[in-house]
1. Please indicate, with yes or no, whether at least one residue in the stretch 147-160 is under 23 Å from the mean Cα position of the chain (by Cα), in the same structural domain as Gly95 (by TED's automatic domain parsing) and small (Gly, Ala, Ser).
2. If I ask for residues that are over 20 Å from Asp120 (Cα atoms) and aromatic (Phe, Trp, Tyr), which ones from the stretch 284-305 would you list?
3. State whether the residues of the stretch 53-63 include one that is farther than 19 Å from Gln181 by Cα and either modelled with pLDDT of 95 or more or surrounded by fewer than 23 Cβ atoms within 10 Å (Cβ to Cβ) (or both).
4. Yes or no: Gly199 without any contact (Cβ under 8 Å) to a residue 12 or more places away in the chain, of a type outside the set (D, E, K, R) and in a loop (DSSP other than H, G, I, E, B)?
5. Within the stretch 30-42, can you find the residues that are part of a loop (DSSP other than H, G, I, E, B) and over 15 Å from Ser188 (Cβ atoms)?
Amino acid sequence: MRIGHIGLGLAFVAVLASAWTVDEPVPTGPYALHYPASFGGRFTIPADNPTTQEGVYLGRMLFYEPSISSTKTISCASCHQQARAFTDGQALSVGVTGKRTQRNSMSLVNLLWVRQLFWDGRSSSLEEQALVPMAHPDEMGLAPGEAAQVLQKTTSYPALFKRVFGSDTITDARIGKAIAQFERTLISANSPYDQYLEGNYKLTESEQRGLQLFNVAPSMERNVRGGNCAHCHGGPKLYQELFHNNGLEQKATDSGRQGITGLELDHGRFRVPTLRNVALTAPYMHDGRLATLNDVLDHYSEHILASPTLSRELPGHTNGFHLTAGEKTDLIAFLHLFTDSTFINNPKFGNPHLTSLTTKK
């Protein structure tokens, strides 16, 4: 999670949220995760953190809880906003100290299948990932155990933790587990592209051309045009579990994956993000340097910079795929098919504190 800009409205909610009480029935029992068979079952849910209805309920409350930041004005949702497919629209977000974060806020879509989290893959579980921003001094800015202490003093959270974990003792580990349960439910699988795959949507001529460009690797020898996007962003989930250097710089100023592995071959490599809801998640790249989808296509078309760790699938020697203006238009039309309006409007993923505050007398 990364931190976004904070307004007076969030500060107002922070003051009121500490006084909310649980006066509606909390659902209980196993949580059924629904996803297309094509997504596959290659994911791991820890044995000590099964996904339950009460756990997801608590995780959602915590995801939108601003009290677990040093200023009590920032929540996970500050940089992961549902309307933006759980990004924040900023190149680099702003934390509790007013400093910019090092990297762009990634979308939280379909994390159930992701095994290496953050741009550099530093975390191997959602439980671990959820706690990293809380402890970062420039993000949420809390010392270890401080979030648990804050929540322990509230009137409602201890009872919720008892429902989920069998004890009202709140710990950082349990906070991470609850948020991870909620994040596993953030499944996007109902875009026009999904409907096309199911035979329920007919592509326009432009979208059909965009699909062809997306999937095909170009070949000068065979006079085949293509963008080869699917090599990294193929399959029904629209990403591959890979790390790539995509030619933004000849000498990357951010070491990326190398900072985790220590390997020179990983210099400037970053996790391949999903393209689901990509039209909503601007700006793009690990540092948010590209403002629009047009800018992204311009990069891959004309501005790829060669380097020793550049992805072998990218034409560094020619600086790009040299797409025409019409081909770029067709690709963008196709990329818009990945927008899942049901996902960004699903009330199950929205701010429960706002709902609670507006319904109380």
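The values are calculated or read from the model by the stated rules, or taken from the named source; none is laboratory data. In this text the structure is predicted, and so the values were computed from the model without any measurement. Heads up, the Cβs are rebuilt from the backbone with ideal geometry, glycines too, and the neighbour counts pull from every protein chain shown.
1. The answer is yes; a qualifying residue exists.
2. Tyr300
3. No, the stretch 53-63 contains no residue that is farther than 19 Å from Gln181 by Cα and either modelled with pLDDT of 95 or more or surrounded by fewer than 23 Cβ atoms within 10 Å (Cβ to Cβ) (or both).
4. yes
5. Answer for the stretch 30-42, where residues must be part of a loop (DSSP other than H, G, I, E, B) and over 15 Å from Ser188 (Cβ atoms): Tyr31, Ala32, Gly40, Gly41, Arg42.
Residue-by-condition table, conditions (1) surrounded by 20 or more Cβ atoms within 10 Å (Cβ to Cβ); (2) not hydrophobic (A, V, I, L, M, F, W, C):
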{"residue": "Arg225", "(1), (2)": "no, yes"}
{"residue": "Tyr300", "(1), (2)": "yes, yes"}
{"residue": "Arg312", "(1), (2)": "no, yes"}
{"residue": "Phe338", "(1), (2)": "yes, no"}
